[in-house]
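J.: Following this message is one structure expressed as structure tokens.
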Amino acid sequence: MRAYQKAQYGGIDGTKLKRDSEDAEEGGSRKRVKTEKGQTLGDMSTDDLKKLVKRGDLGKRTMPELKELLKNKGMSTGGKKTDLVDRIEAWVEDN
């Protein structure tokens with residue numbers, strides 16, 4: 001078993017799995033930004049936004065997208081993601 005681990009993973013400590021120092025950027029790793037190729041929330045019409053809410057896909061959007069939409073609508077952008085989603089859903093119901 002240990003011979004297999006060493007051959008596959010570079011030993012028990014997993015040294016073969018660790019990234020090289022050249023893979024890491026200066027100052028440590030950066031947070032990756034999730035990008036969506038489709039329409040942004042700010043570009044959506046109210047009808048498209050209603051469809052998104054109805055499908056339950058609003059929670060799949062990123063925090064910056066949700067905050068941008070709330071800011072454009074003149075609403076508070078503070079809170080957790082579920083708070084932002086709830087605020088947007090309430091706005092969609094009212095409009």
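Each value in this text was obtained by applying a stated rule to the coordinates, not by laboratory testing. Small disclaimer: the values here were computed from a predicted structure and weren't measured. Note: ideal-geometry Cβ built from the backbone for every residue, glycine included; neighbour counts use all protein chains shown.
J.: So for the range 39-95, taking the charge dipole from beta-carbon charges (+1 Lys/Arg, -1 Asp/Glu), which of Pro64, Leu41, Val53 sits furthest toward the positive end?
T.: Pro64
J.: Working out 0.36 nm times the residue gap between Glu93 and Asp48, then minus their Cα-Cα distance, what length gain in nm do you get to one decimal?
T.: Taking Glu93 through Asp48 to full extension adds about 14.9 nm, to one decimal.
J.: May I ask for the net charge around Gly78, where only other residues with Cβ less than 12 Å from the Cβ of Gly78 are counted and Lys, Arg are +1 while Asp, Glu are -1?
T.: Numbers: positive: Lys67, Lys71, Lys80, Lys81, Arg87; negative: Asp83.
Neighbour charge sum, excluding Gly78 itself: +4.
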